[in-house]
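Here's the structure, in structure tokens; my notes come after.
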Amino acid sequence: RFVDEPADAGVDGLIVPDLPPEEAGPLHEICLRHGMHLVPLLAPTSTTDRIKRACQQAGGFIYCVSLTGVTGARQSLSSGLSDLVGRIRQHTELPVIVGFGISRYEHIQEIGQFADGAVVASALLDAIDKSPPEAVQDTARKFVRSLRGLNGESS
């Protein structure tokens with residue numbers, strides 16, 4: 001049911017944060033049977049062997065974790081992030097998306113120089129959490145526009 005129900009609802013991929021590629025085989029096979037991708041997470045601590053194995057099983061895209069530790073908005077990106085994305089690209093043609101700690105337009109601009117996309121979650125949730133209930137949609141809209149460098153422009 002873990003894969004059946006999402007597949008029936010139109011989900012085309014799963015991200016399972018604490019599933020090492022060495023143990024992903026059974027879930028990967030079930031996902032394949034349902035036409036779903038199993039998206040791996042690779043971190044700065046990932047060895048070359050782990051990157052290679054994860055990329056062999058991957059579908060959809062590779063989620064590149066930008067830092068070690070827990071997620072959450074950061075002021076700056078981790079050093080070595082571009083190198084990590086380069087190491088991953090040696091083993092896959094799939095898009096590489098960077099997440100964890102991404103919180104500002106400047107982060108998106110920097111990541112765009114070496115990766116295919118960025119995931120922003122904690123910073124958006126923090127902004128929404130600090131917003132009064134009646135302003136949640138406007139807060140989310142403004143935050144996303146700020147990530148696009150629009151700062152109040154309509155689009």
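The values are calculated or read from the model by the stated rules, or taken from the named source; none is laboratory data. Just so you know, these numbers come straight off a predicted model, no measurement behind them. With ideal geometry, Cβ positions are generated from the backbone for all residues, glycine too; neighbour counts draw on all protein chains shown. Accessible surface is based on the protein model in full, side chains and every heavy atom, while ligands, DNA and RNA are left aside. Shrake-Rupley method; radii C 1.70, N 1.55, O 1.52, S 1.80 Å.
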Legend entry - Rel. contact order, % - alpha carbon contacts under 8 angstrom, at least six apart, the chain: 16 percent
Inset, instruction - Could you tell me which label, among (i) 8.9; (ii) 10.6; (iii) 11.2, carries the value of mean projected area of the Cα convex hull in nm² calculated for this structure? - result: (ii)
Legend entry - Environment charge at Asp49 (Cβ cut-off 12 Å; Lys +1, Arg +1, Asp -1, Glu -1): +3
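Let me check against my output: what whole-number percent is the relative contact order of segment 79-136, with C-alpha pairs under 8 Å and at least 6 apart? Before the final figure, lay out each step's value.
On the way: 52 pairs, mean separation 18.5, N = 58.
Dividing the mean separation by the residue count of segment 79-136 yields 32 percent.
What whole-number value in Å² describes the accessible area per residue of the chain for a 1.4 Å probe?
On the way: 9220 Å² over 155 residues.
I get 59 Å² per residue for this part.
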Legend entry - Highest-first arrangement of 96-107, 18-29, where packing means the average Cβ count within 10 Å: 96-107, 18-29
Legend entry - For His37, residues with placed amide H under 5 Å, excluding near neighbours: Gly13, Leu14
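Keeping the other protein chains in place, figure out the carbon and sulfur percent of the accessible area of segment 1-119, with a 1.4 Å probe. It would help to have the intermediate numbers written out before the result.
Working: 3260 of 6660 Å².
The value for segment 1-119 is 49 percent carbon and sulfur by accessible area.
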